[in-house]
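Enquirer: This is the structure, below, for whatever I ask next.
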Amino acid sequence: MDPSSLQILGLPMLAWIPLLPLIGAFLNLTLGRRISKASAHTIAIGAVALACILSIYLVASPLWQLFKAGAGGTGIEQTIYTWIEVGSFKVQLAFRLDTLSAVMILIVTFIGSLIHIYSTGYMHNESDASYARYFGYLNLFTGSMLILVLAANLPVMFIGWEGVGLCSFLLIGFWYENDAYAYAGRKAFVVNRIGDFCFLLGMFLLYWAVKDISLGPEAAARGSLDFANLRNPAYGPAYADAFWGGERLAAAAGIFLFIGACGKSAQIPLFVWLPDAMAGPTPVSALIHAATMVTAGVYMVCRMSFLYSASTTALIVVSTIGLITALAAAFMAFAQTDLKKVLAYSTVSQLGFMFVAAGTGNWVAAVFHLGTHAFFKACLFLGAGSVMHGMEHGGSTTPGDITTMGGLRKHMPITRITFMISCLAIAGIFPFSGFFSKDEILAGAWAVDPPGWPDWYGELLWGGLLLAALGTAFYMWRLYFMVFSGNERSEEAKHAHESPPSMTMPLVVLALFASIAGFIGLPHLSMKLPSITHALSSWLAPSVTPTWYMPNTVEQLSIAVHESDTTIFSLAGIALAIGVIGVGSAWVLYGRGPSPTVDKLVEGPLAKPYEASKHKLWFDEIYDVIIVRPFRTVARGLFEVVDRFIIDTVAVNGSAFIVGLFGRLSRWVQNGQVQRYIAGVVVGAALVFAISDCGRKPTFSYKLSDGEYEFTAEPGAGVGGANARLRWDLDGNGVADTDASGNPLDAPVVKLRAGEVGSHVTLWVEDPISRKTVQVTREIREEEK
Amino acid sequence: MPGSFILPLLLALPILGAIFVMCTPKGESSLHRGIGIAMSTITFLVSLLIFKNFDKKADGFQLVFDVEWIPGLGAHFKTGIDGISIFLVILTTFLMPLTLLGTKKAVEKHSREFIASMLVLEAGMLGAFVALDLFLFYVAWEVMLIPMYLLIGIWGGQRRLYAAIKFVIYTMVGSLLMLVAIFYVYVTAADVLGTYTTDLEKISTVAFSYQAQIWCFAAFALAFAIKVPLFPLHTWLPDAHVEAPTAGSVILAGVLLKFGIYGFLRYAMPLFPHGAAYWAPALAILSVIGIIYGAFVAFAQDDVKKLVAYSSVSHLGFCMIGILSMTAMGISGSIYAMLSHGLTTGGLFLGIGVLYERRHTRRLAEYGGIWKQMPLFSGLFLIIVMGSAGLPALSGFIGEFLTIFGTFIAGDTLPQGYSIPMPRLLGALSATGVIFGAVYLLFMFQKVFFGKLDKARNGKLPDLRPHETIVFVILTVAIFLGGLFPRPLLVVMEPSVQKFTRDFGRRVAEPDGPAHVYGSLPQKTAQATKGGRP
């Protein structure tokens, strides 16, 4: 049976995966105030759990069949309807389940379900209305994320992409009465929007590059922002030349999309929203950090592997930003004293690891670490929630402050064990999951050698990541020891107690996965291991691009480089040693609560780095100075200066004022007093006489050309001048002349041959009204003759 | 033509309603409102009949109604619609009853005259959308002005007279120059055609001389750019919005502003393609400035209504750059953005009206924590805000996405002889509106709805009343539908939009010469400058 025709209730089966949580969200958000807490969370958990079951079914049955038949990369594509259509541009609302999105939907729905269950315990103190609102948002978040990962083209992905941004705004600002929390939510949305803007530009560039390329008759009808079309290398040379050949264009599109990913996945320079996102309820943090949102960027880069493998320039940007973020965030985590803040920076840092993996073309490792990280980070956040829940019960008002904790191992045994397992996993200790996934990233960075990169760049990335891994092991175990070891440092810690089963059960499940999930991604050794140990790489292989796209070459260069067993084991050994050193040094300094050495170091030689770490390298302060304040000032300035003053006051009201001025002047003149009118007439007439040349005497001018004189009368201005009667005496005999037919010579312009002109010419001008005649006589000079 | 009676009927119904309501006794405000809502609802239902008679595949004018009006002038009463105007007409008839219902309690003083003004306004707007005759268009254009002037001047806020006069004079300055250009067009076309006519379809067969096109386009464009409003001709808008009563603001933002873009699409660009080509670079740059400038200035406001007013400057910038891109994507997107802007900004103003009616202030600082007190309203308002911010799956996204996309890819498809500078850069710059939109809208939302409910007077605000709930639910449903199912609308627009770009491309390639009928110049000159366009 064709898996693309699978339907439930007339809708494609794939559509139900995001739709179920969205329906749950709709119900909880509309009926929320009328239903009990029990029905609210039943709806929400039911929706996500059903989506999870459906996902498992779809992955385990139809997709598995396709995978075994060797068509896993094609996956299952289902179109619901045509969303946008203008001319030849067409966007289908279509979903795509291939082996890559399969991993994502399993993670999202499974961890999502656990977080929903956990939330019933964590949020039970909320009022009915906000309880339902909370679960509505949670469902909306899950649904948006599922749209994002299942999307079959970029615009549909953008729906989910922005949707998770909206949900982060709503959930981070869930306790909206606190201004700081609401601000954190807004910050998350705006920073994400900066990324989304670049995502849009990347999408446009991609379309612009490929829009004129024929993708074959079938593809032409599907529009060319579809992943299925874009990634298909079978569309011939035109396609390759126009886009994959144009490395710079691929690099530009890739970098823009990556900046979008930086927004979602909290990379430098757009990571600033994530630490503040702690304002939301703790399970939300778990959802953001593990199952949804921050994984979106990594997923997108892997999804676009076909684009990134065409541009090693874009990849060098991706891996460099990833490395810088991994290091910087690890550094910032050292001095934090808030439980959730430490975890937040660790997420930023781990995402940096994933981007280094993606940036070295190591797509499988990126997804692998994404998956293991999802388990242990969800476990850590939910564990943190459990700790804070316990501390709140103990009466603490600052439940996240780790300086007041200590000794909680006695009071919260389940939380402590699961937290410890996750800390082992994130520190990269064998045989926990984080060890394997981190090792894959490190080994990949060591071995990678893309065309166009400097030879040593892979090793540099490797070295940098080792440093970050050392930091990770240290600060995570500092956190662990501060919370659970030593003696209670406050009364509240003494009265803390274990959380209810609804909260501990998800912890246990997550810890279990955090321990064993690594075994699906063992490195390829020369000895034969059971195939399950390479399950992930063979599973993902059909969905990601295995080679560098080299234009104009037949031979394809493989991305993966196989190292010898010795190298693999040495690299793994080094990574493990680094992890152990990190944990060990944390034990020395914090094993029984913060030791006096710490204070000495912090106040002495390490004072400056400590300050820098505590203030997160002053990123917020710097952004405040260079972006936020200038933005406000410019906005204010544009309004006050340009809008109010220049345009409105000067130009608009200014011209109105000038018109008004004329109005007022003429009002003063038109005041109805006859005397003034007469005065006006007199003054006006005088002005007319003064200005016009009425007083000028009549005269005439003459000029000689071609042996002929031309006389032009200038009888004076005004009515009199125009209608004056003229007579000429040209021959100088003192009598007015006549022309050949005997008529008097009275034209304003008269001509006469030079020889016939006398020495004096006279013009008589008779005023038509007064009948007075003026005589003008001019001597015609020799030189003018 | 079947169904040709519908459009004149649409114009007549609100007028009849206005006459009817003026015949009722004073002071019966609920009766007046009832008549207003009933008549505008009937108008809406009648307007739906358009779909029954509208051929979705055809690209010309449909439902054409044509009778001689002033024979001496050659003016006809000629109406008709195409894919460009059809949804704008529906938007008008759709918003009117919602506005009257949503602001039911807002106006008590002279309610009879208020309803009559609103209905006359509706007739004027519909007339301007369906007119196919320059004379009729100009009359309808001016008819809109008077009720709007009254709405602001009588039922407005404290500085209502200043705002009303500013609105009228601003608009008049533009439209008078347009009238001069209309005279020129009328006389010149008569020389060419041999008969005096104001029929748009006949006049648009005439190619005016190059210089004349530049000046006439400028005159038309000034009138339309003021309406859009295009930076820097926008300063009447914040004042008019702030002082207008809620219903006036909703209609002003929801429908009236669209006449700017519509005028460019229907009159200025088809009649004077060379003029459009001459001015397009400047207009394109001004619209992008408007997008960014409007967003910045919106952020600087402490008055909610002003903030939303400036957001219109930003949003209409998208519409403007969309039509200037001369791509089907950009133009369809622009029309779509207008429809969505009508719903979202209309909704925002209605929402502000809800707050104002309860609290009698528009200052952001006076609010805070409203969510706690009015959860239903807050939730619905959030959807409208998000629709306005262009969140995908809501209506605002489709228009923004298509206009930016259309601008971005315009470079390759521009007709010969027409260009806008650096289309990809313009596209990218307009896309920054995506960021800034989120900045000012969320800023506003947070200030009003989040935070502590610490002002005593906010503690007693009642949530939405049933009639308000109906209005907001209808609006939000429309915003969702618009975002999820844009295709049925886009498909109807498509033939007319394609015809528009096709005709424009053909006309802008017409060689320069004295006024003549298109294609009538000697073939060889035509060949020389025509270039390679099919």
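Enquirer: Restricting attention to the range A:414-445, which residues are touching a Leu at 6+ places or on another chain (Cβ under 8 Å), within 27 Å of A:THR567 (Cα to Cα) and either without any contact (Cβ under 8 Å) to a residue 24 or more places away in the chain or surrounded by fewer than 24 Cβ atoms within 10 Å (Cβ to Cβ) (or both)?
Expert: Those that are touching a Leu at 6+ places or on another chain (Cβ under 8 Å), within 27 Å of A:THR567 (Cα to Cα) and either without any contact (Cβ under 8 Å) to a residue 24 or more places away in the chain or surrounded by fewer than 24 Cβ atoms within 10 Å (Cβ to Cβ) (or both): A:ILE429, A:PHE430, A:PHE435, A:ALA443.
Enquirer: Sort through A:SER119, A:SER130 and tell me the only one that's in a helix (DSSP H, G or I), in contact with a helix residue (DSSP H, G or I) (Cβ under 6 Å, 6 or more places away or on another chain) and either surrounded by fewer than 24 Cβ atoms within 10 Å (Cβ to Cβ) or more than 10 Å from every other protein chain (Cβ to nearest Cβ) (or both).
Expert: Just a single option satisfies the conditions, and that option is A:SER119.
Enquirer: Report, by residue number, each residue of the range A:77-91 that is touching a helix residue (DSSP H, G or I) at 6+ places or on another chain (Cβ under 8 Å) and closer than 16 Å to A:ILE147 by Cβ.
Expert: Passing the criteria: A:GLU77, A:GLN78, A:ILE80, A:TYR81, A:TRP83, A:ILE84, A:VAL91.
Enquirer: Considering each residue of the range B:208-229, count those that are buried (at least 24 other Cβ atoms within 10 Å of the Cβ) and within 26 Å of B:ARG159 (Cβ to Cβ), and give that number.
Expert: Number satisfying all stated conditions: 5.
Enquirer: Inspect the range B:368-385 for any residue being crowded, with 23+ Cβ neighbours inside 10 Å, within 8 Å of chain A (Cβ to nearest Cβ) and either modelled with pLDDT of 90 or more or at positive phi (or both) and give the result as yes or no.
Expert: No: the range B:368-385 contains no residue that is crowded, with 23+ Cβ neighbours inside 10 Å, within 8 Å of chain A (Cβ to nearest Cβ) and either modelled with pLDDT of 90 or more or at positive phi (or both).
Enquirer: Find all pairs meeting these conditions: Cβ atoms under 6 angstrom apart; at least six residues apart or on different chains; first residue within the range B:149-172 and more than 13 Å from every other protein chain (Cβ to nearest Cβ); second residue of a type in the set (Lys, Arg).
Expert: Sorted first by the residue in the range B:149-172, then by its partner, the pairs are B:ILE152/B:ARG160; B:GLY153/B:ARG160.
Enquirer: Further question on the same structure: For the list (1) assigned to a helix (DSSP H, G or I); (2) more than 14 Å from chain A (Cβ to nearest Cβ); (3) surrounded by fewer than 24 Cβ atoms within 10 Å (Cβ to Cβ), I need the number of the one condition that B:THR361 fails.
Expert: Only one criterion is unmet by B:THR361, namely (1).
Enquirer: Right, another one. Among the residues of the range B:128-149, is there at least one that is more than 28 Å from B:ASP66 (Cβ to Cβ) and crowded, with 24+ Cβ neighbours inside 10 Å?
Expert: Looking for residues that are more than 28 Å from B:ASP66 (Cβ to Cβ) and crowded, with 24+ Cβ neighbours inside 10 Å, one finds at least one in the range B:128-149, hence yes.
Enquirer: Looking only at the range B:24-64, count every residue that is of a type in the set (S, T, N, Q) and in contact with a Leu (Cβ under 8 Å, 6 or more places away or on another chain) and tell me the total.
Expert: Adding up the residues that qualify gives 5.
Enquirer: A further question on this structure: Being at pLDDT 85 or above and over 30 Å from A:LEU66 (Cβ atoms) narrows it down to one of A:PHE484, A:PHE513, so name that one.
Expert: Just a single option satisfies the conditions, and that option is A:PHE484.
Enquirer: For the range A:189-284, which fully contained helices (runs of 4 or more DSSP H) count at least 1 residues that are more than 11 Å from chain B (Cβ to nearest Cβ), at pLDDT 90 or above and touching a Gly at 6+ places or on another chain (Cβ under 8 Å)?
Expert: Because the criterion is at least 1 residues that are more than 11 Å from chain B (Cβ to nearest Cβ), at pLDDT 90 or above and touching a Gly at 6+ places or on another chain (Cβ under 8 Å), the helices (runs of 4 or more DSSP H) in the range A:189-284 that meet it are A:247-264.
Enquirer: Residues to consider are A:THR337, A:THR347, A:THR325; find the one that is hydroxyl-bearing (Ser, Thr, Tyr) and surrounded by fewer than 24 Cβ atoms within 10 Å (Cβ to Cβ).
Expert: When all the criteria are applied, what remains is A:THR337.
Enquirer: Further, regarding this structure: Are there any helices (runs of 4 or more DSSP H) wholly within the range A:299-376 with 3 or more residues that are closer than 25 Å to A:ALA184 by Cβ and touching a Gly at 6+ places or on another chain (Cβ under 8 Å), and if so which?
Expert: A:312-333, A:339-359
Enquirer: Ok, one more. Within the group A:ILE159, A:ILE84, which residue is in contact (Cβ under 8 Å) with a residue 40 or more places away in the chain and not hydroxyl-bearing (Ser, Thr, Tyr)?
Expert: So the residue among A:ILE159, A:ILE84 that is in contact (Cβ under 8 Å) with a residue 40 or more places away in the chain and not hydroxyl-bearing (Ser, Thr, Tyr) is A:ILE84.
Enquirer: Are any residues in the range B:393-432 within 9 Å of another protein chain (Cβ to nearest Cβ) and part of a loop (DSSP other than H, G, I, E, B), and if so, which ones?
Expert: Answer for the range B:393-432, where residues must be within 9 Å of another protein chain (Cβ to nearest Cβ) and part of a loop (DSSP other than H, G, I, E, B): B:ALA393, B:ILE409.
Enquirer: Okay, moving on. Would you please name the residue that is farthest from the other protein chains (Cβ to nearest Cβ), looking only at residues in the range A:45-81 that are within 25 Å of B:ALA393 (Cα to Cα) and free of Cβ contacts under 8 Å to residues at least 24 places away in the same chain?
Expert: A:GLY46
Here's the yes/no breakdown for (1) in contact with a strand residue (DSSP E or B) (Cβ under 7 Å, 6 or more places away or on another chain); (2) not basic (Lys, Arg):
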| residue | (1), (2) |
| --- | --- |
| B:LYS166 | no, no |
| B:LEU177 | no, yes |
| B:ASP191 | no, yes |
| B:ASP199 | yes, yes |
| B:ILE226 | no, yes |
| B:TRP236 | no, yes |
| B:ALA240 | no, yes |
| B:LEU252 | no, yes |
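Enquirer: Within the range A:42-49, does at least one residue satisfy the condition of being touching a Ser or Thr at 6+ places or on another chain (Cβ under 7 Å) and modelled with pLDDT under 90?
Expert: No: the range A:42-49 contains no residue that is touching a Ser or Thr at 6+ places or on another chain (Cβ under 7 Å) and modelled with pLDDT under 90.
Enquirer: So the check is Cβ under 6 Å with 6+ separation or different chains; which pairs have a first residue in the range B:316-336 that's within 13 Å of chain A (Cβ to nearest Cβ) and more than 16 Å from B:SER85 (Cα to Cα) and a second one that's of a type in the set (Val, Ile, Thr) and not in a helix (DSSP H, G or I)?
Expert: Hits for this filter: B:THR327/B:THR413; B:MET329/A:VAL86.
Enquirer: While we're here: Going by the structure shown, is A:PHE169 more than 22 Å from A:ILE84 (Cβ to Cβ), within 11 Å of another protein chain (Cβ to nearest Cβ) and crowded, with 22+ Cβ neighbours inside 10 Å?
Expert: In short, yes.
Enquirer: Can I ask one more? Of all residues in the range B:469-505, which are among the charged types (D, E, K, R) and either over 17 Å from B:ILE323 (Cβ atoms) or more than 10 Å from chain A (Cβ to nearest Cβ) (or both)?
Expert: If the condition is that a residue be among the charged types (D, E, K, R) and either over 17 Å from B:ILE323 (Cβ atoms) or more than 10 Å from chain A (Cβ to nearest Cβ) (or both), then B:ARG487, B:LYS499, B:ARG502, B:ASP503 are the ones that fit.
Enquirer: In the range B:277-288, is there at least one residue being more than 24 Å from B:SER209 (Cα to Cα) and crowded, with 24+ Cβ neighbours inside 10 Å?
Expert: yes
Enquirer: Return yes or no: is A:PRO530 over 30 Å from A:THR597 (Cβ atoms) and surrounded by 19 or more Cβ atoms within 10 Å (Cβ to Cβ)?
Expert: No: the conditions fail for A:PRO530.
Enquirer: Now a separate question. Could you say which residue among A:VAL588, A:VAL561, A:VAL598 is more than 14 Å from chain B (Cβ to nearest Cβ), touching a helix residue (DSSP H, G or I) at 6+ places or on another chain (Cβ under 6 Å), over 25 Å from A:GLU440 (Cα atoms) and aliphatic (A, V, I, L, M)?
Expert: Within the list A:VAL588, A:VAL561, A:VAL598, the selection yields A:VAL598.
Enquirer: Moving on. Considering the range B:345-384 alone, what residues qualify as being within 24 Å of the chain's Cα centre (by Cα), within 29 Å of A:TYR131 (Cα to Cα) and of a type outside the set (A, V, I, L, M)?
Expert: Once the filter is applied, which keeps residues that are within 24 Å of the chain's Cα centre (by Cα), within 29 Å of A:TYR131 (Cα to Cα) and of a type outside the set (A, V, I, L, M), the range B:345-384 yields B:GLY347, B:GLY351, B:PHE381.
The values are calculated or read from the model by the stated rules, or taken from the named source; none is laboratory data. These numbers were taken from a predicted model, which means no experiment stands behind them. Backbone-built Cβ (ideal geometry, glycine too); neighbour counts: all protein chains shown.
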